[in-house]
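The values are calculated or read from the model by the stated rules, or taken from the named source; none is laboratory data. Note that the coordinates shown come from a computational prediction; the quantities given were computed from them, not determined experimentally. Counting neighbours? That spans all protein chains shown, and the Cβs are built from the backbone with ideal geometry, glycine included. All accessible areas refer to the heavy atoms of the entire protein, side chains included, with ligands and DNA or RNA removed. Shrake-Rupley method; radii C 1.70, N 1.55, O 1.52, S 1.80 Å.
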Amino acid sequence: MKLVFAGTPEVAVPALDALIASDRHEVAAVVTRPDAPAGRGRRLVASPVAERAEEAGIEVLKPARPRDEDFLARLREIAPDCCPVVAYGALLPKEALAVPARGWVNLHFSLLPAWRGAAPVQHVVMAGDEVTGASTFLIEEGLDSGPVYGVLTEEVRPTDTSGDLLTRLAFAGAGLLAATMDGIEDGTLHAVPQPAEGITLAPKITVEDAQVQWSAPALRVDRVVRGCTPAPGAWTLFRGERLKLVQAAPVQDRADLAPGELSAAKNNVYVGTGSHAVELLWVQPQGKKPMRAADWARGVRIAPGELLGV
């Protein structure tokens, strides 16, 4: 089939690579979000998908909005058979959905209908799910509600951050998306409607969602830290400034600290929660680089009974 691939972040690159490598399909063009400011200089930078497509000599389309008439006209000129999508980052209007004969097929990083929305992997980790996966489905105008072509499953490991899990799903999902394109092309794969039960939503995680509540149990604190790593980053307050929590771990044998209470030894930093303590392993003070929590504690000289989150 002739394909137009839509995607933007690094997590979409493995799928693009898999489709470029396929001897059954042609990636005629790529659709991605416009260049965005990045770094300290706020210089405009192309998306990872745009950079990979340019390296491969593939036409790149960067509409400000996918309903722009210039973009729609070019899409009709290319006349793709199918448009695979991975984390494109913009809603597709019905005018765009109508162009490819076999539709737009999205690779979504959850087992649909669970965790429909922008941040499925973060919600999986924060909810404590033990198994997740990826799904390919035909895009409709509803939110991730279209019929499903294929799925794969992936175990959620006890120490997984959302970044760890998303990386594994991106590479496994690339194979699923390529296989889905093959099955659509040869007529062996047909989309099945999603069940009406088991629907959960995964809206974007905000900075406010990522604030650690020390009155919660240690297990919940651990899940929030892992689920918000690398973005938006779990955080708390220390002496009125934000302290990012890069890595932490529950400690079963310490229950002597009040919620948010700090206890620093030579090589360990503990914080009380609503149950037992957690050990801070890596933190990032405001305006500084990540550092070992023990090094941070020595530098700030924690006072007895001092609290996080105040």
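When you take every Cα atom in region 231-272, what is the radius of gyration, and what is Dmax, the widest Cα pair distance, in Å?
11.4, 31
Take each uninterrupted DSSP H stretch in the chain, measure its Cα extent along the helix axis, and return the ones at 20 Å or beyond whose mean Kyte-Doolittle hydropathy is at least -0.5.
For the chain, where a helix must reach 20 Å along its axis and average at least -0.5, the hits are 162-186.
A 26 angstrom limit on the alpha carbon distance is what I want to check against. Which of Lys266/Lys288; Lys62/Lys244; Lys204/Lys244; Lys62/Lys94 exceed it?
Values: Lys266/Lys288 22 Å; Lys62/Lys244 34 Å; Lys204/Lys244 19 Å; Lys62/Lys94 18 Å.
Over 26 Å apart, Cα to Cα: Lys62/Lys244.
Keeping the other protein chains in place, figure out the carbon and sulfur percent of the accessible area of region 1-100, with a 1.4 Å probe.
49 percent
Report, by chain and number, residues whose modeled amide H sits under 5 Å from the one on Val85, excluding near sequence neighbours (fewer than 5 apart, same chain).
Long-range HN contacts for Val85: Ala6, Val105, Asn106, Leu107.
Based on the Cα atoms of region 1-137, what semi-axes does the equivalent ellipsoid have, where each is the square root of 5 times one gyration tensor eigenvalue, given in whole Å with the largest first?
Semi-axes (√(5λ), whole Å): 24, 20, 15.
In a shell of Cβ-Cβ distance under 11 Å around Ser22, excluding Ser22 itself, what net charge do Lys and Arg (+1) and Asp and Glu (-1) give?
Residues near Ser22 contribute -4 overall.
For region 93-100, what does the Karplus curve 6.51 cos²θ - 1.76 cosθ + 1.60, with θ = phi - 60°, yield as ³J(HN,Hα) per residue in whole Hz, taken in order and with x for Gly and Pro?
These are the phi-based 3J(HN,Hα) values: x, 4, 5, 6, 4, 7, 6, x Hz.
So what is the orientation-averaged projected area of region 62-205, using the convex hull of its C-alpha atoms, in nm²? Walk me through the numbers on the way to the answer.
Values: hull surface 35.3 nm².
Over every viewing direction, the Cα hull of region 62-205 projects on average to 8.8 nm².
With viscosity set to 0.890 mPa s at 25 °C, what whole-number translational diffusion coefficient in µm²/s follows for region 124-247 from Stokes-Einstein and a Kirkwood radius over Cα pairs?
Translational D for this selection: 148 µm²/s.
With runs of 4+ DSSP H residues as the only contributors, calculate the mean residue ellipticity of the chain at 222 nm using -39,500 (n - 2.57) per run, divided by the residue total and rounded to the nearest 500.
Mean residue ellipticity at 222 nm (helix-derived): -8000 deg cm²/dmol.
Rounded to the nearest whole Å², what accessible area per residue is found for the chain with the 1.4 Å probe?
48 Å²
Filter the trypsin sites (Lys or Arg not before Pro) in region 1-110 down to the DSSP loop ones having no more than 13 other Cβ atoms within 10 Å, then list what survives. Present the calculation step by step, with values, prior to reporting the outcome.
Details: sites: Lys2, Arg24, Arg40, Arg42, Arg43, Arg52, Arg67, Arg74, Arg76, Lys94, Arg102; in loops: Arg24, Arg40, Arg42, Arg67, Arg102.
Listed in order of number, the matching sites are Arg24, Arg40, Arg42.
Where Lys and Arg each count +1 and Asp and Glu each count -1, what net charge lies around Gly57 among other residues with Cβ under 13 Å from its Cβ?
After counting each charged neighbour, the total is -4.
Given 20 °C and 1.002 mPa s, how large is the Stokes-Einstein diffusion coefficient of region 163-310 in µm²/s, with Rh as the Kirkwood radius over Cα pairs? Display every interim value, and only then the final one.
Values: Rh = 17.6 Å.
Approximately 122 µm²/s, per Stokes-Einstein.
Check each of the trypsin sites (Lys or Arg not before Pro) in region 198-256 and keep only those in coil by DSSP with at most 16 other C-beta atoms within 10 angstrom; list them in order.
Lys204, Arg239
Given the Cα atoms of the chain, and with Rh set as the inverse mean 1/r over their pairs in the Kirkwood sense, what is Rg to Rh to two decimals?
Working: Rg = 22.3 Å, Rh = 21.2 Å.
That ratio equals 1.05.
Does a label point 7 Å from the Cα of Asp17, set along Cα-to-beta-carbon, have any residues of region 55-69 with amide nitrogen under 18 Å, and which are they?
Within reach of a label on Asp17: 55-58.
I'd like the per residue volume of the convex hull spanned by the Cα atoms of region 28-89, given in cubic angstrom. Mind dumping the intermediate values first?
Working: hull volume 5.9 nm³, N = 62.
Per residue, the Cα convex hull of region 28-89 comes to 95 Å³.
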